[in-house]
Amino acid sequence: MDNKEYARILKEISILRQIRGDNHFKIRAYENGARAIENLADPLESLMDEGDITQIEGIGKSLAKELESLRETGVSSVHQELLVELDPGLLDLMKIQGLGPKRIKTLYDELGISNVDLLKEAAESGKIADVEGLGKKTQEKILAEIERLAQSSGRMPLPAARAIAYGVRDKLKEVKGVEAIDVAGSIRRGRETIGDIDILVATSGEPQPIFEAFVTLPEVEEVLVRGDTKTSARLRNGMQVDVRIVRPEQFGAALHYFTGSKEHHVKLRTRAKKMGLKINEYGVFPRDSDTPVASKTEEDLYACLDLQFIPPELREGRDEIDLAEESKVPKLVEASDMLGDLHMHTTETDGRNTILEMVEAAKARNYRYIAITDHSQAVTVAGGMTPNRFEAQIAQIREINQELEDFRIYSGIEVDILKDGSLDMDHDLLRETDWVVASVHSHFNLPKEEMTARVIRAVESGLVHCLGHATGRILGGRDGYDLDIGQVMDACAVHGVAMEINGSTGRLDLNADLARMAHDRGVKIVLTSDAHSTRGLEDLDYALQQARRAGLTKADIMNTAPELSLG
Ligand SMILES: [Zn+2]
Ligand SMILES: [Zn+2]
């Protein structure tokens, strides 16, 4: 099991215990344990192997014991008991924004509400409004939330799904007989939300031992279908994973087929037909033959349709086939093009690592520079910087730079755009620092015109280099704020302010469509991780995939340049 899974189970125990009304010291112990595990840099299991995990702050003796047995058996008896005694549906109620354990306990105690359906019923019949401490307004909010959840049902934000899929892939890669393995489906194309996970394996040996290895993974909860070429299972987190096994010589055709999209395939099939060919999951064939003309690689497949190779991110059935026909598919930006990251936080505010630790992690990613962009003081929950602290950090970074060879830290800030559009920092310091990202972190509910004017005022200030997470949406969480994004983009283009594709797991903001739109309007694009830890730097990969979906090339992205050039 990975750390996330351990933390999730502890968290669920703490929530269920709160609903049951247990002793709050016990509840706290699970909460602290979950947080401690979430914050670990290393896998909990390797720490268990190395020795005593009670050394970790937040993990006491009895919790350590429970974790050990959880590891051994794959289940926690405390967790299981709670789920039997209460109701697993109570945990789903936590997905309703505005409901925490306390309110859920009230609803459970007063109205016997133990799942989302019952909650909906009670809200619709007006019963929630009568509960003390909740009221009519809460009832309306709950109904709106249920509606929103239903619409996004079953889909998971790309970053979370991709991390799970890569985890399964990496484990199966080690299984004997696996000659090639890849994640296909919408994850490979980089869609923002994911319905289920498709994994494709090539073997010239027996498929069953590989399927067996898959269904016995600790994250698998239930096997849905077990066949000769395909096995489906549901993971503990609810995600469905389909594993298909093919012969190595069919791998490219199958990978292509299961990567989609449907729309792309429809257009390709039409083209194949016109050329006297047919195309399916086994390859490209002459119309009346069972001997494929291409099947081993995706490159072969496009080549025999007289097409330039089309990267997965562009296979959406738009204009990609026309472009490929004329050899005009853009050379999309790649991971190796990225030479720096321009949005991250450190221990100075809400990050978990120091500047130097971020530098080391950035070097490991072959970057030549980073910008440190801690919060300004308006973000009190993050411990935002006062002007004095910011000034000291600028000086500190200058000093560190003197010691560094072949690497540069840019001093920067993620300055808050205040309600009226002014910037939450002394202007002289903003002029002095190397890189200014400006973002909205408060007053999300302004009317559209006011919000647009607010952001544009910051863009026009002459002090900002980049607009941070411009729409403010949280994937699977909240919609972006009401904003005339086109007008904001035009202002950015005029004032030479870049816009970021913020890859942090919940955001992907701008998304691919908006990034394309910004680029087309002449806005410079920056890819960032918005990392809050050394590990968080990996989130730039999600921004990269969105940039590729937007059809952007190396030249379109600012931080592919060997150094920051402003102006
Ligand atoms: Zn931010
Ligand atoms: Zn940030």
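Read-outs: derived from the displayed coordinates by stated rules, not from any lab. Note that this is a predicted model, so its numbers are computed, not measured. For neighbour counting, all protein chains shown are included, and Cβ atoms are generated from backbone atoms with ideal geometry for every residue, glycine included.
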- Summing -39500 (n - 2.57) over every DSSP H run of at least 4 residues in the chain and dividing by its residue count gives a helix-only mean residue ellipticity at 222 nm, to the nearest 500 deg cm²/dmol, of -13000 deg cm²/dmol
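Output the direction-averaged projected area (hull surface divided by four) of the convex hull of the alpha-carbon atoms of segment 156-246, in nm².
5.0
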- Peptides 424-436, 210-222 ordered by average Cβ neighbours within 10 Å, highest first: 424-436, 210-222
- Item | Solution diffusion estimate, µm²/s, Stokes-Einstein, segment 146-195, Kirkwood Rh from C-alpha pairs, 10 °C, viscosity 1.306 mPa s | 130
- Task: Could you please rank M499, M358, placing first whichever residue has the fewest other Cβ atoms within 10 Å of its Cβ?
- Result: M358, M499
- The residues S461, S439, S14, S529, sorted from fewest to most surrounding Cβ atoms within 10 Å, come out as S461, S14, S439, S529
- Task: Compute the FRET efficiency between R457 and D428 as 1/(1 + (r/R0)^6), taking r as their Cβ-Cβ distance and R0 = 22 Å, and round to the nearest 0.05.
- Result: 0.70
- Can you pull the one-decimal nm distance between simple spin-label points at R535 and Q240, each 7 Å off the Cα toward Cβ? 3.0
- Query: Among all the lysines, which ones have a C-alpha under 21 Å from K120's C-alpha, if same-chain residues fewer than 8 places away are not counted?
  - Reply: K95, K102, K105, K136, K137, K141
- Gyration tensor over alpha-carbon atoms, the chain, equivalent ellipsoid semi-axes in Å: 38, 35, 25
- Query: By how many nm would the segment from E281 to H443 lengthen if fully extended, with 0.36 nm per residue of separation less the alpha-carbon distance?
  - Reply: 53.3 nm
- Item | Cβ crowding within 10 Å averaged over residues, with 517-528, 138-149 ranked highest first | 517-528, 138-149
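Rounded to two decimals, what is the ratio between the C-alpha radius of gyration of segment 466-549 and 2.2 N^0.38 Å?
The value comes to 1.02.
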- Query: Among the aspartates and glutamates, which fall within straight-line cross-link reach of K176, defined as a Cα-Cα distance under 14 Å, with same-chain neighbours fewer than 8 residues apart omitted?
  - Reply: E206, E212
- Query: K331 versus K262, label points 7 Å from Cα toward the beta carbon: distance in nm?
  - Reply: 3.6
- Note on the structure: Under 19 Å by backbone N from the virtual spin label 7 Å along Cα-to-Cβ at Q80, the residues of segment 9-26 are 9-14, 16-17
- Pulled fully out, how much extra length does the chain show between F25 and K171, if you take 0.36 nm times their separation in residues and subtract their Cα-Cα distance? 48.8 nm
- Stretched out fully, how many nm does the piece from T216 to T291 gain, at 0.36 nm a residue minus the Cα gap? 23.3 nm
